[in-house]
Amino acid sequence: MDLHLFLAHADDHAPVLGEGLPRSAAEEASAAAVAPPRNKHKHLARPEGLSDSLPDQRWGIVAPKGPAGDRLLRCVAPLRKRREEEQGAEAVVYRVDPGMDLGAVTSWLQGEYWDAVGRRVEDLPGFVLVLGGPELVSWDLQQQLGADACVGRLAFEDDGGYEAYVDKVLRWERAPPIEGARALFHAVRDGSRATSLGYDHLMRPSIETARRHARRGLFPAAEIVEIGGDEPPGVGGDLMAHAAAALREAERSHAGVLFSLSHGAGAPRAGWRSLVDQHARQGAMVLGASGELLTASDVAGRPFLPGGAWLFFACFGAGTPAQSAYYPWLDRLHKLGWSSSAERVLTALPKGGEPPFAAALPQAALANPDGPLGVIGHVDLAWTWSFLDHGPGGVHAEGGGASARPERFQGVLRALANGHRLGVAHHQLARFFRTVSTELSTLYDEGARLGLAVDTDAEDEPRRARRAGLWMQRQDLCAYVLLGDPAARLPIARRPPGIAPSRDDASKVRIADVVGFLPDLAPGEPPAVARDPARRAEAVLEVLRRDEDARAIAARHGVTEAELRRWVDVFVEAGRAAVAKLDGSTTDR
């Protein structure tokens, strides 16, 4: 099956690579690829902690050094205070040099990153908010750190964007929860091969899985809405009607989830008029060959997914790097004579010396007081490799023996609908990235052990093709980033373990209401606690109210922190079941 790209010209909206590239071109990535580094700094979701629990995982900040970083820290001070209250400890604040490349990032991860917490793994932040655009804190740092931690970024043109976003997050966290998220699915089916493959092997299977899981209680969306999916691929008016319908649905979907698939806007055929023009339109959502672009101005002044989240599948949807990870491969294709196809894509890539930037469309949506809390998008070229795999396993896709891998994105949607934090949802993609990266490293290690030189006749074609495919998938999956606070979550009633009720909600619970929900005592607990169930109830309420750090509460009551958290988890689950019985509904974790 050919390789297709989700990029279109910003002027006539025609696909940059309409005919795609044959699989043999992808195999040339073997020569351009280098062995991925072994990951040695895993720490997220420690066995003793819950993945959504800030007291367990902690929340921290990465800000640039200098006056710009000082200013950004002041802008997010109210959010920082809120997160410190949630975790019962001060946030770790890292200050980094602007524009760190991959080598500098690797050195920082091995050095200052650990040194700041005294090399204590339990104090490393599992949720990290990056402040500033990629010209201040590089995409490389966010992507490398995001392989293990839940990392999000706030990047706006002015302080007002940061302040508006912080106010929005805190406002939604104080508001009464919404019963459930509306799940919106919208593929721009413009007749191109890329979007056709995307609909058939990613969007449609994701919708079918969401509906199947909804019947089983695993995808608790209030409603599942497919926009334009019942009609064949259209052009012109049909696509614009679908786009208008998508905007209407997004406007009325409070705490909703939107999964969209389209081409992203790339360079016009004559090139960008200026950097300002490029920053305003690159990565915008292309609404069809004869349609329009969905740009920042379209989502800035109207309700658009208020309090929700957007999974935006398109080239450059979240931003643009200083140099594409695919440049060495595309440059090799060009030199080998793939001049027409490779040159068109190379023309769309950043030129030497151009600064990286965050895309204007998600910036505007996040700065909108009636916009989403997070956007997950791509910061490079997005290919069909994201959801198609020529290796073993998966669901067979027609033509060429490729296998569909829609589960890579379905996990993100399911996590959002179940109330997990945005960073935990985005981390579903990181899980597949690590799997692909591990297999790729294993192939390199095995080749070195067998004495097989890369890209020579000694290496058989299936092995070379598999290694090239894994390299392409690794680059693609690595480039999906989260814009927004990774600790934010949809303001819905469903609350996974590790997320406590708000202080106002918890303060209304009486000790007498808690006692009946507490678990049996573990062997060997202190006699005073064993004799007094009300004391256990008091400890649980103190944790829910976040009166102080859970470790301090546990020590004061004479129990281990692990046992105290067991009480809290049992209470939350039993209380959820009891509340469900009030109206006869059922609740499925």
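Observations on the structure shown:
- If the condition is being hydrophobic (A, V, I, L, M, F, W, C) and either open to solvent by 10 Å² or more (accessible area, probe 1.4 Å) or more than 16 Å from Val375 (Cβ to Cβ) (or both), then the range 266-284 contributes Ala267, Ala270, Trp272, Leu275, Val276, Ala280.
- Test: Arg494 is at pLDDT 50 or above, part of a loop (DSSP other than H, G, I, E, B), among the charged types (D, E, K, R) and out of contact with any Asp or Glu (no Cβ under 6 Å at 6 or more places or on another chain): yes
- Some residue of the range 346-355 being out of contact with any Gly (no Cβ under 7 Å at 6 or more places or on another chain), at pLDDT 80 or above, crowded, with 18+ Cβ neighbours inside 10 Å and not acidic (Asp, Glu): no
- Matching residues, the range 327-339, being buried (at least 23 other Cβ atoms within 10 Å of the Cβ) and either small (Gly, Ala, Ser) or in contact with a Leu (Cβ under 7 Å, 6 or more places away or on another chain) (or both): Leu330
- Counted residues, the range 95-113 - those being part of a helix (DSSP H, G or I) and open to solvent by 60 Å² or more (accessible area, probe 1.4 Å): 4
- Residues that are more than 12 Å from Ala360 (Cα to Cα) and of a type in the set (Ser, Thr, Tyr), drawn from the range 261-296: Ser262, Ser274, Ser290
- Candidate set from the range 15-57 (those that are at pLDDT 90 or above and farther than 18 Å from His427 by Cβ); member that is surrounded by the most Cβ atoms within 10 Å (Cβ to Cβ): Pro15
- Every listed requirement among (1) open to solvent by less than 10 Å² (accessible area, probe 1.4 Å); (2) modelled with pLDDT of 95 or more; (3) not in a helix (DSSP H, G or I) is met by Ile224 save one, (1).
- Residues (at pLDDT 70 or above and crowded, with 18+ Cβ neighbours inside 10 Å) located in the range 536-555: Arg536, Ala537, Ala539, Val540, Leu541, Glu542, Val543, Leu544, Ala550, Ile553, Ala554
- Whether a residue is within 26 Å of Met100 (Cβ to Cβ) and in contact (Cβ under 8 Å) with a residue 40 or more places away in the chain was assessed, and Gly264 passes this test.
- Selection status of Arg83, open to solvent by less than 50 Å² (accessible area, probe 1.4 Å) and of a type in the set (Lys, Arg): yes
- Checking the range 287-304 against the condition returns a match, with at least one residue being open to solvent by 50 Å² or more (accessible area, probe 1.4 Å) and among the polar types (S, T, N, Q).
- Going through (1) assigned to a helix (DSSP H, G or I); (2) modelled with pLDDT of 50 or more; (3) open to solvent by less than 40 Å² (accessible area, probe 1.4 Å) one by one, Pro501 falls short only on (1).
- The set of residues in the range 558-568 that are buried (at least 16 other Cβ atoms within 10 Å of the Cβ) and either of a type in the set (A, V, I, L, M, F, W, C) or in contact with a Pro (Cβ under 8 Å, 6 or more places away or on another chain) (or both) comprises Val559, Leu564, Trp567, Val568.
The values are calculated or read from the model by the stated rules, or taken from the named source; none is laboratory data. Treat the numbers as computed from the prediction; the structure is a model and nothing was measured. All Cβ positions, glycine included, derive from the backbone under ideal geometry; neighbour counts span all protein chains shown. These area figures cover heavy atoms from the full protein model, side chains too; ligands, DNA and RNA do not enter into them. Shrake-Rupley method; radii C 1.70, N 1.55, O 1.52, S 1.80 Å.
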